[in-house]
Amino acid sequence: MKNNLITSAILATSLIFSNITFADESKEVKNWTVGAGVQSLTVTNDYEDDEFSGTIITASYAFSDSLAVRGSIHSLEHDDISAITSDSFDIVGYWGTGLQSEGFKAYIGAGFFSDTWEIKGSQWEETFSGAVFSGGLGYNWEYVSVDFILGARQATDYADFMESAGISGTIMAINTSLVLSARF
């Protein structure tokens, strides 16, 4: 009788864990996210900040829970002088945790950006490009995800532009984004 109870308990436990395992295996892996949100860009120097805000559209592909790549396009407007716009894109590879599965995620990465400033109604434009380093936190639900992303752009081109305008000092370019995405 004692052996029958032990055998029954082992079989029942095996059945329960196999059902849990099968339930997890039946979940569809969602590699793609496509989203939109808000972004700000601050190019700061020792005297004042140039601040831009606007929209971001992203698409990302998670190769696994720890590796992903994201491409983004940004359309921003200067906060003080609305005639100045910033249109940019970036491509970033990320390493982290939870990039593909449901639940919390955190990641860091590096990539490339290109940014063009223009004045509406004029021929003036200035292009900046270089490396971008970013990280983020977010949460994946079954069909939706949310991300907060903080990035630092290589500021060499921004510094050259500022120096040509007579502004010197330490130049930094920081962007923040909040993105809501669909997962599929």
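The values are calculated or read from the model by the stated rules, or taken from the named source; none is laboratory data. All values reported here derive from a predicted model rather than from experimental measurement. Counting neighbours? That spans all protein chains shown, and the Cβs are built from the backbone with ideal geometry, glycine included.
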field: Any hit, the stretch 155-162, residues being farther than 19 Å from H74 by Cα and not in a helix (DSSP H, G or I)
entry: no
- request: Could you please give the count of residues in the stretch 167-180 that are outside any loop (DSSP other than H, G, I, E, B) and closer than 20 Å to F113 by Cβ?
  value: 8
message: Just to be sure I understand, how many residues within the stretch 112-125 are surrounded by fewer than 17 Cβ atoms within 10 Å (Cβ to Cβ) and assigned to a strand (DSSP E or B)?
response: 6
- request: For residues that are of a type in the set (S, T, N, Q) and modelled with pLDDT under 95, scanning just the stretch 150-184, find the one that is nearest to N45 (Cα to Cα).
  value: T170
- request: Please state which of the following conditions D79 fails to meet, knowing it meets all the rest: (1) touching an Asp or Glu at 6+ places or on another chain (Cβ under 6 Å); (2) under 23 Å from I174 (Cβ atoms); (3) touching a residue at least 40 places away in the same chain (Cβ under 8 Å).
  value: (3)
field: Sole exception among (1) in a strand (DSSP E or B); (2) modelled with pLDDT under 95; (3) among the charged types (D, E, K, R) for D147, by number
entry: (2)
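Given the criteria modelled with pLDDT of 95 or more and crowded, with 16+ Cβ neighbours inside 10 Å, does G98 qualify?
Yes.
For (1) over 18 Å from A110 (Cβ atoms); (2) small (G, A, S); (3) touching a helix residue (DSSP H, G or I) at 6+ places or on another chain (Cβ under 8 Å), each residue gets a yes or a no:
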| position | (1), (2), (3) |
| --- | --- |
| Y143 | yes, no, no |
| E163 | yes, no, no |
| M172 | no, no, no |
| A182 | yes, yes, no |
